[in-house]
Amino acid sequence: MVKQSAIKVKHALMETYRRTPVKLIKGKGCFAWDENGKKYLDFTSGIAVCNLGHVPEKVKEKVGKQLDQIWHTSNLFEIEAQEKLAEKLTELSTFDRAFFSNSGAEANEAAIKLARLYANKRKKSGPIVTFQHSFHGRTLGTLSATGQEKIQKGFDPLLPGFAYLPYNDPAALSEVDTIKPIAVMLELVQGEGGVIPAKQVWVDALISTCKKNGILVIVDEVQTGMGRTGTLFAYEQYGFEPDIMTLAKGLGSGFPIGAMLAKEEVAESFTPGTHGSTFGGNPLATTAGLATLETFIEEKVIENAQKQSKYLWAKLETFKAQFSFIKDVRGKGLMVGIETEIEAAEIIRAALKEDLLVLSAGPHVVRLLPPLIVSEEEIDLFAEKMQTVFSHF
Ligand SMILES: *Cc1c(COP(=O)(O)O)cnc(C)c1O
């Protein structure tokens with residue numbers, strides 16, 4: 001039977017995204033090609049996912065081998081790649097245990113559940129403090145955690161148990177003292193909220209309040225993690241040890257995977273039956289994650305990200321000096337926001353005409369998330385294209 005529809009739609013997909021009318025069908029490193037063979041310089045990395053660039057050789061090889069072995073077993077069985085990835089992640093961080101999910105939102109869901117379980121076991125109650133302009137995901141739990149009305153609008157009733165405080169604001173510190181939350185959850189550089197780095201002094205004070213009052217610190221490193229800000233994890237630069245960290249975007253080089261890591265004392269609240277996922281950490285996903293981390297180490301990806309970010313930031317400073325509509329250039333490492341008086345959407349459109357892919361973070365911030373394997377030549381090419389783009393305005 002042919003369905004009768006009152007509305008004529010272009011296609012069968014729900015309209016949840018405002019898509020750029022380009023189909024990328026092939027990628028290599030910092031470049032992607034559309035169906036007509038047109039080549040683009042990709043400074044989006046699929047939203048901080050393809051940190052090793054498109055189709056990284058080693059990840060392709062390892063996932064390819066795994067494709068011939070076994071794809072999925074469920075967590076009813078032991079999974080070698082999952083164990084190895086957990087070992088590697090805990091070895092490279094301050095955490096002792098890992099739980100694997102399929103996305104950032106799910107990693108945050110796991111963090112929220114773990115924090116609540118940990119508190120409940122200690123007969124503590126209170127909300128989880130999150131911050132204004134934060135972004136923690138689109139599931140009901142994580143959109144409730146997200147401090148942005150535009151994300152929450154229309155989805156009432158939200159999940160209770162969150163208190164939103166102003167980010168980078170000293171007023172939040174005394175609030176934390178009065179609210180006595182069970183946990184504080186934050187991005188160290190707010191991504192979707194406009195590429196806003198947390199101030200060191202503010203973080204210092206916040207963490208010390210939390211430690212003094214036995215409040216868990218959860219860092220959402222779904223976007224800042226995996227080298228994006230110039231260290232493997234952003235918290236390393238702030239000089240403190242969180243209790244819980246979540247990862248996703250860059251962890252699998254494009255293979256969907258998320259992770260929630262915690263210190264032993266907190267992690268032990270999870271016992272068999274308390275949390276789970278059918279797909280989470282399956283052999284394909286964790287093979288991709290493991291190969292990604294191995295590539296980071298073998299190919300000194302972080303070192304390159306640090307070096308190239310200096311080169312990129314110098315170029316951006318000259319743009320700022322040259323174009324008065326650029327109000328601010330901010331971020332950390334290769335996570336950059338350019339705040340302009342011009343709408344970000346207009347700049348993105350102009351960049352597309354130069355075969356350059358960039359993204360936004362709010363209406364007036366152009367966001368750059370180049371692959372961490374970017375070279376000086378590719379940054380030169382970016383600067384050349386961006387010069388043309390900015391000159392249009
Ligand atoms: C992208 C993002 C999420 C959500 O990740 P999904 O994989 O889209 O669910 C959560 N937190 C932060 C900081 C993010 O940038």
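Each Cα pair under 8 Å and six or more residues apart adds its separation to the average, and for the chain the resulting relative contact order is 23 percent. A straight Cα-to-Cα reach below 19 Å connects K180 with the lysines K113, K121, K123, K124, K211, K212, residues fewer than 8 places away in its own chain not being considered. Nonpolar atom fraction for the stretch 57-298, defined as the carbon and sulfur part of the 1.4 Å probe accessible area, stands at 55 percent. Label point of R349 set 7 angstrom out along Cα-Cβ; within the stretch 20-62, amide nitrogens under 15 Å from it belong to 20-22.
A helix-only calculation puts the chain at -11500 deg cm²/dmol for mean residue ellipticity at 222 nm, using -39500 (n - 2.57) for each DSSP H run of at least four residues, averaged over all residues. Model label sites at F77 and D96, defined 7 Å from Cα along the beta-carbon direction, differ in position by 3.0 nm. If you take all other residues with their beta carbon under 12 Å from the beta carbon of A350, and give Lys and Arg +1 and Asp and Glu -1, the sum is -1. Screening the chain for whole DSSP H helices of 30 Å or more along their axis (Cα) with average Kyte-Doolittle hydropathy at least -1.0 returns 301-322. Per-residue Karplus couplings for the stretch 327-335, computed as 6.51 cos²θ - 1.76 cosθ + 1.60 with θ equal to phi - 60°, are listed in order as 8, 7, 10, 8, x, 8, x, 9, 10 Hz, Gly and Pro entered as x. Computed over neighbours whose Cβ is under 14 Å from that of T286, the net charge equals -1, Lys and Arg +1, Asp and Glu -1. When exposed loop sites are taken as trypsin sites (Lys or Arg not before Pro) in a DSSP loop with at most 16 other Cβ atoms within 10 Å, the longest stretch of the chain clear of them is 200-299.
Here the chain is treated with +1 on each Lys and Arg Cβ and -1 on each Asp and Glu Cβ, and its dipole about the Cα centre works out to around 940 debye.
Only beta bridges with both residues in the chain are counted; by DSSP, about 65 percent of them are antiparallel. Classify the stretch 57-298 from the C-alpha gyration tensor, please: rounded if a/c falls under 1.5, else prolate or oblate depending on whether a/b exceeds b/c. It is prolate, given that a/c is not under 1.5 and a/b is the larger ratio. Under 24 Å Cα-Cα from K62, which lysines qualify once same-chain neighbours fewer than 8 residues away are excluded? Of all the lysines, those that pass the test against K62 - Cα under 24 Å, at least 8 places apart if same chain - are K26, K28, K84, K88, K249, K300. Along the chain, the longest continuous region that contains none of the GluC sites (Glu not before Pro) in a DSSP loop with at most 15 other C-beta atoms within 10 Å is 79-267. In this label model, R138 and K39 are separated by 3.3 nm, measuring between points 7 Å along each Cα→Cβ vector.
The values are calculated or read from the model by the stated rules, or taken from the named source; none is laboratory data. Remember, it's a predicted structure, so these values are computed and weren't measured experimentally. In this analysis, Cβ positions are derived from the backbone assuming ideal geometry, glycine residues included, and neighbour counts consider all displayed protein chains. Ligands, DNA and RNA are excluded from the accessible area calculation, which covers all protein heavy atoms including side chains. Shrake-Rupley method; radii C 1.70, N 1.55, O 1.52, S 1.80 Å.
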